[in-house]
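A.B. asks: One structure is given below, represented as structure tokens, and several questions about it will come after.
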């Protein structure tokens, strides 16, 4: 270890270990909590609105998750898929951070592989293996909150991918590796 002393190595090792062990994000605090978690959605393509509890008494609620899966379905094909509950936890952390009961406006939730292929063929900036096709991504905006601020809050969670689309006025969130664009 040229350029480092043993003491420096130990300091760096301890800092890395502490960072890995200590909960650092709002998401970690929420996931550790047994509090009741409720989300509201407005699907911009279907006009559907829901407000539902998806987590209660220390566990995810199958009925609430099913209602969310339905509203976040692929609006082009009608295909419903399971949405990753950790994605919902990200949204809940954002909602708590801004202390709002406004529904998330959903631009895109689940996307079937067929729809994903179609969007790619039509020249859309769509990933070949999109997290949308696995129920692990959502494109949203939140009324009363700029998408720039929504992006900042999502980045601070350090819980997955965050894409910012200011021209289209939405933020992409996913449960993949932490990254941003």
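Derivation of every value follows stated rules applied to the coordinates shown; laboratory data play no part. Every value quoted in this text rests on a predicted model; they were computed, and no experiment measured them. Here Cβ is always computed from backbone atoms with ideal geometry, including for glycine, and neighbour counts include all displayed protein chains.
A.B. asks: What FRET efficiency, computed as 1/(1 + (r/R0)^6) with R0 = 22 Å and r the Cβ-Cβ distance, is obtained for residue 122 and residue 179, rounded to the nearest 0.05?
C.D. replies: 0.30
A.B. asks: So what is the relative contact order for the range 25-180, in percent, with contacts set as C-alpha pairs under 8 Å and at least six apart?
C.D. replies: This gives 20 percent for the range 25-180.
A.B. asks: Over all directions, the average projected area of the alpha-carbon convex hull for the range 25-180 comes to how many nm²?
C.D. replies: Reported value for the Cα convex hull: 8.4 nm².
A.B. asks: Could you work out how much longer the chain between residue 148 and residue 79 gets when fully extended? Use 0.36 nm per residue separation minus the Cα distance between them, nm to one decimal.
C.D. replies: This chain segment gains 21.8 nm when fully extended.
A.B. asks: Extending each Cα 7 Å along its Cβ direction at residue 155 and residue 38, get the distance between those two points in nm, one decimal.
C.D. replies: 3.2 nm
A.B. asks: For labels at residue 86 and residue 46 in the simple 7 Å Cα→Cβ model, what's the distance in nm?
C.D. replies: Here the modelled spin labels are 2.6 nm apart.
A.B. asks: So for each of 171-180, 52-61 I average, over its residues, the number of other beta carbons within 10 Å; can you give me the resulting order with the highest mean first?
C.D. replies: Result, highest mean first: 171-180, 52-61.
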